[in-house]
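Working notes, beginning with the structure itself.
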Amino acid sequence: MGKPWRMILARLLARKPNYLIVDKTTSVSEIEDTFKTFCARDDIAIVLINQHIAEMIRYTVDQHTASVPAVLEIPSKEAPYDPSKVRKLSQPSMVSNS
């Protein structure tokens with residue numbers, strides 16, 4: 001293996017994971033810390049989180065107001081999707097001066 005490939009492999013191995021698998025043993029603080037870490041990373045543009053997991057850290061999710069990374073709450077197999085829990089974003093109205 002040549003030097004360029006070794007450098008690429010070293011970079012790949014040094015990367016931190018860009019996912020967290022949540023199960024019944026995962027603590028809320030671990031979920032919250034991971035969410036904050038993902039939002040602070042410059043190599044992550046979208047954070048996908050199951051809605052029922054987002055509810056566990058709702059305060060932290062709602063504190064994230066930046067457009068990047070975008071946070072998308074998605075349904076899961078374990079819990080039904082609840083549209084009433086979706087945070088409504090205000091969009092600027094288009095005003096024309098014609």
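Where a number appears in this text, it was derived from the coordinates with a stated rule and is not lab data. Predicted, not measured: the structure shown is a model, and the values here were computed from it. Glycine gets a Cβ as well: all are built from the backbone with ideal geometry, and neighbour counts include every protein chain shown.
Quick notes
- For the chain, the residue among 81, 52, 35 whose Cα projects farthest onto the positive side of the dipole built from Cβ charges is 35.
- Along region 13-23 the Karplus relation, 6.51 cos²θ - 1.76 cosθ + 1.60 evaluated at θ = phi - 60°, assigns HN-Hα couplings of 6, 7, 5, 8, x, 10, 8, 9, 8, 9, 10 Hz to successive residues, with x for each Gly and Pro.
- If the Kirkwood radius is taken over C-alpha pairs of the chain, then at 10 °C and 1.306 mPa s the Stokes-Einstein diffusion coefficient equals 99 µm²/s.
- Once the chain from residue 62 to residue 82 is taken as fully extended at 0.36 nm per residue, the excess over their C-alpha distance is 5.6 nm.
- Whichever lysines have a C-alpha closer than 26 Å to that of residue 85, once near sequence neighbours (fewer than 8 apart) are set aside: 24, 36, 77
- Against the chain, whose longest principal axis is taken from its Cα atoms, helix 28-40 shows a tilt of about 80°.
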